[in-house]
């Protein structure tokens with residue numbers, strides 16, 4: 001039921017106890033921002049913006065929550081002095097939520113939140129080891145550097161660190177800003193498949209590359225984690241994120257990616273994160289764009305549950 005509470009996802013009233021189908025996690029990590037700052041305020045701003053999102057999605061027969069139990073967890077917090085200790089604290093925070101008992105959706109915070117999440121996924125009941133996991137990465141940046149500004153656990157290295165953990169496959173969508181070091185790795189690392197924005201969104205070829213990418217999502221097998229950096233969207237949709245980049249995905253392109261992933265018969269999304277949310281000082285578009293993406297993910301998960309997939 002919709003309420004006026006801006007501290008719960010979609011402003012929904014919650015029961016006092018579970019079991020819950022979906023948990024919304026808030027991880028306001030900010031320690032390695034390399035340009036614009038403010039990700040520590042992103043999760044809260046996204047939750048507040050979600051209270052203004054419409055509860056109707058045409059893929060559902062009823063308005064959200066459509067019978068699902070959605071829980072907005074207390075935000076993560078830590079005063080640990082080092083980045084690695086902060087990441088360890090996040091790992092403990094998410095551990096209970098990412099083993100498969102409910103669908104976790106994490107809101108961040110720097111993209112570095114993904115690393116402790118992946119570390120915790122080793123306990124997921126669908127995974128015997130991380131080589132069985134596919135990460136779908138919507139992002140303007142490759143995040144494949146070995147270090148950024150001297151830090152190996154920076155937001156700009158998180159996908160490289162996930163590969164170090166043994167993740168089996170990373171599929172990047174919308175990448176358009178990367179270093180030579182990252183380009184070499186994208187070309188040489190067989191576990192990385194990159195769909196570049198310049199090819200996906202070219203206007204001269206009838207979007208044939210976009211159609212190829214969308215079709216390929218249906219061939220992914222096994223457990224999948226979706227990591228959605230909001231700067232994967234075109235910069236006009238997320239103007240206050242730390243590094244907005246022109247030439248990114250549209251809102252409807254992102255919706256198509258999410259719906260196609262959830263509709264696949266061969267893979268199962270076991271969770272998602274939306275990161276690099278920075279609230280705007282001259283408008284609410286960035287956090288509202290993030291809230292729309294979060295709502296689409298939740299709607300698709302509920303639609304799948306109603307259809308019996310993933311149970």
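The values are calculated or read from the model by the stated rules, or taken from the named source; none is laboratory data. Just so it is clear, the structure is predicted and the values come from calculations on it, not from any experiment. When we count neighbours, we look across all protein chains shown, and the Cβ atoms used for this are built from the backbone with ideal geometry, even at glycine.
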Residue 227 fails exactly one of (1) assigned to a loop (DSSP other than H, G, I, E, B); (2) modelled with pLDDT of 95 or more, namely (1)
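Please state which one of 240, 305, 216, 289 is buried (at least 21 other Cβ atoms within 10 Å of the Cβ) and either in a helix (DSSP H, G or I) or in contact with a strand residue (DSSP E or B) (Cβ under 8 Å, 6 or more places away or on another chain) (or both).
289
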Restricting the search to the range 266-286, which residues are crowded, with 24+ Cβ neighbours inside 10 Å and either without any contact (Cβ under 8 Å) to a residue 12 or more places away in the chain or in a helix (DSSP H, G or I) (or both)? 286
Check whether at least one residue in the range 4-16 is in contact with a strand residue (DSSP E or B) (Cβ under 6 Å, 6 or more places away or on another chain), within 26 Å of residue 144 (Cβ to Cβ), at pLDDT 95 or above and buried (at least 16 other Cβ atoms within 10 Å of the Cβ), and report yes or no. no
Mind telling me which of the residues 71, 124 ends up being touching a strand residue (DSSP E or B) at 6+ places or on another chain (Cβ under 9 Å), under 24 Å from residue 302 (Cβ atoms) and free of Cβ contacts under 8 Å to residues at least 60 places away in the same chain? 71
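Being touching a residue at least 60 places away in the same chain (Cβ under 8 Å), in contact with a helix residue (DSSP H, G or I) (Cβ under 8 Å, 6 or more places away or on another chain) and surrounded by fewer than 18 Cβ atoms within 10 Å (Cβ to Cβ) is true for just one of 52, 137. Which residue is that?
Details: 137 fails: surrounded by fewer than 18 Cβ atoms within 10 Å (Cβ to Cβ).
Checking each option against the conditions leaves just 52.
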Selection from the range 141-197 of residues that are outside any loop (DSSP other than H, G, I, E, B), surrounded by fewer than 22 Cβ atoms within 10 Å (Cβ to Cβ) and in contact (Cβ under 8 Å) with a residue 60 or more places away in the chain: 148, 151, 177
The lone exception for residue 210 - which of (1) in a helix (DSSP H, G or I); (2) without any contact (Cβ under 8 Å) to a residue 12 or more places away in the chain it fails: (2)
Failed criterion for residue 203 (all others in (1) more than 25 Å from residue 51 (Cβ to Cβ); (2) touching a helix residue (DSSP H, G or I) at 6+ places or on another chain (Cβ under 9 Å); (3) surrounded by fewer than 18 Cβ atoms within 10 Å (Cβ to Cβ) hold): (2)
Within the range 74-113, can you find the residues that are over 25 Å from residue 279 (Cβ atoms) and without any contact (Cβ under 8 Å) to a residue 24 or more places away in the chain? 81, 82, 85, 92, 96
